[in-house]
Structures are given as C-alpha cells and as structure tokens.
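Undergrad: Below: one structure in structure tokens.
Nothing in this text is a laboratory measurement; each read-out follows from the coordinates by a stated rule. Note that the coordinates shown come from a computational prediction; the quantities given were computed from them, not determined experimentally. Backbone-built Cβ (ideal geometry, glycine too); neighbour counts: all protein chains shown.
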Amino acid sequence: MGGYGLFIWPCFAISAFVLTALYLRSRQRLKVIEQKLAVIEGRRQKGSRRNTSAQARESQT
C-alpha cells in the first residue's frame with residue numbers, strides 16, 4: 001500500500017464499524033416504528049368497528 005497502510009486500515013475499520021452501527025440502529029428503529037404502527041392500525045380498526053355499529057344504530061332509527 002506504499003506506506004499508507006497505517007492510515008488505510010484504521011480508516012477501513014472505522015468505516016466498517018460506523019456502517020455496522022448504522023445498520024443495527026436502523027433495524028432497531030424499524031422494529032419500534034412497526035410496533036407503533038401496529039398499535040395505531042389496531043386503534044383505527046377498533047374505531048371503524050365503533051363507527052359501523054354507530055351507523056347501524058342510526059339507520060335503525
């Protein structure tokens with residue numbers, strides 16, 4: 001490496017560490033966001049059931 005190996009290998013190691021950390025952090029955040037979305041969608045589905053039952057009651061009157 002023409003005497004630059006002392007600089008190249010640490011930079012390679014740092015880059016690999018940063019990219020791995022970024023990947024792991026992104027994967028962790030994705031799981032958290034998916035869980036929050038599942039909760040929100042669950043509420044929306046429950047809310048739509050309430051709306052349909054309320055609409056059914058209104059149509060009966």
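Undergrad: What number comes out for the charge environment of Ala21, summing +1 per Lys or Arg and -1 per Asp or Glu over other residues with Cβ under 15 Å away?
TA: It works out to a net charge of +3.
Undergrad: May I ask you to evaluate 6.51 cos²θ - 1.76 cosθ + 1.60, the Karplus curve with θ = phi - 60°, for each residue of the range 10-24 and list the ³J(HN,Hα) values in order in whole Hz, giving x for glycine and proline?
TA: x, 5, 4, 5, 5, 4, 4, 5, 5, 5, 5, 4, 4, 4, 5
Undergrad: With the crude spin-label approximation of a point 7 Å out along Cα→Cβ, what separation in nm comes out for Phe17 versus Lys36?
TA: 3.0
Undergrad: Would you tally the net charge around Ile40, using a Cβ to Cβ cut-off of less than 14 Å, leaving Ile40 out, and scoring K and R as +1, D and E as -1? If you can, show how the numbers build up before the last one.
TA: Values: positive: Lys36, Arg43, Arg44, Lys46; negative: Glu34, Glu41.
Result for the neighbourhood of Ile40: +2.
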